[in-house]
1. Out of the residues in region 140-199 meeting the condition of being among the polar types (S, T, N, Q) and in a loop (DSSP other than H, G, I, E, B), tell me which one is nearest to H303 (Cα to Cα).
2. What pairs come out if I take residues in region 94-120 that are farther than 30 Å from V63 by Cβ and pair them with residues that are among the hydrophobic types (A, V, I, L, M, F, W, C) and crowded, with 16+ Cβ neighbours inside 10 Å whose C-beta lies under 6 Å away, six or more apart or interchain?
3. Just one of the numbered conditions (1) over 19 Å from L170 (Cα atoms); (2) loosely packed, with under 14 Cβ neighbours inside 10 Å is not true of E112; which one?
4. Please verify whether region 286-300 includes one or more residues that are modelled with pLDDT under 95, of a type outside the set (D, E) and crowded, with 16+ Cβ neighbours inside 10 Å.
5. Looking at region 64-71, can you tell me whether even one residue there is surrounded by fewer than 24 Cβ atoms within 10 Å (Cβ to Cβ), farther than 18 Å from L156 by Cβ and of a type outside the set (K, R)?
6. For the list (1) at pLDDT below 95; (2) closer than 30 Å to I214 by Cα; (3) among the aliphatic types (A, V, I, L, M), I need the number of the one condition that A9 fails.
7. Could you tell me how many of the residues in region 59-73 are farther than 13 Å from N127 by Cβ and either charged (D, E, K, R) or outside any loop (DSSP other than H, G, I, E, B) (or both)?
8. Do any helices (runs of 4 or more DSSP H) entirely within region 247-305 hold 2 or more residues that are touching an Asp or Glu at 6+ places or on another chain (Cβ under 7 Å), and if so, which?
Amino acid sequence: MTSDTTLTAAAAGTWHFGDRAVHRIGFGTMRLPQTGPALVPDAVPRDRDQALRVLRRAVELGVNHIDTAAFYFSPLRSANELINRALAPYRDDLVIATKVGPARGTDGRWTEHARTPEGLRAQVEENLRQLGRDHLDLVNLRVLGTDSIAERFGALAELQQAGLIRRLGLSNIHPHQLTEAQSIAPVTCVQNPYGIGASPAQDELLRLCGEQDIAFVPFYAIAGAGREGGAGGAGGAEPGEVRTVAEARGVSTAQVRLAWTLHRGPHVLAIPGTGDVAHLEDNIAAGALRLTTEELALLDRAHAG
């Protein structure tokens, strides 16, 4: 399976962002601008041609949901501008999702989150400029903490009414914040950390999204505790149950993790990221991996810890 490049993102099935159908295997661009850990000031820029090849290959293999952000950059490389260079003019069926809230200075260091309507609008306009678009398909409000998001989400809803944004989502949230946002404007998706070993609180949010027909889009589904550093960053040893399934199927543990995530519900999507074409093809192939009842029970045991 890991060498089968004929499999496309369509094998994972589809979900709808309103009137836009997207394949449940998408592509996350956080790792694209650099090699090694992402979102650090001293990141090593990835070869530009290699990054462009990955993006174009993703679309060739049926990916039509790409996740990005203006704060995904390294010295010399910006995920948004790579997307613009590789994929514009954009296909009609392509959904590019971005996120606002966090901010980094030109030196790559984190700065104050945008919390005012003016600050959020500036970030939306920066995404528009970098991507070369007159509207954004989907904007996720990235949240830190448990405080009210009403003013921030309301500001994005106003930009939606103005035609700059088509659909709204949330990232890194708690259940009460989803309820708060839903009272202001429809929420299309929720992006939260999720994968084998995630907390019961994240399981609950996944369930709530399913009940409300909201897409649940995990990040770190492969990396787990490694987070920005990747699967080997801080995750420790791979659970034996994951290795057992991978060895029996002749696939990678990353593919098993992605397949398990997609099995959590028809509303669950995946946006694995990579800067390598071979890894991209493996990730997309994971969308065709159908786990048996016995395998799911084994992996659920690893998930429960």
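The values are calculated or read from the model by the stated rules, or taken from the named source; none is laboratory data. None of the values given here were measured: they were computed from a predicted structure. Backbone-built Cβ (ideal geometry, glycine too); neighbour counts: all protein chains shown.
1. Residue satisfying both the conditions and the ranking: S199.
2. T111/A103; P117/A155
3. Exception for E112: condition (1).
4. No, region 286-300 has no match at all.
5. For region 64-71, residues surrounded by fewer than 24 Cβ atoms within 10 Å (Cβ to Cβ), farther than 18 Å from L156 by Cβ and of a type outside the set (K, R): present.
6. (1)
7. The total comes to 3.
8. 253-262, 293-304
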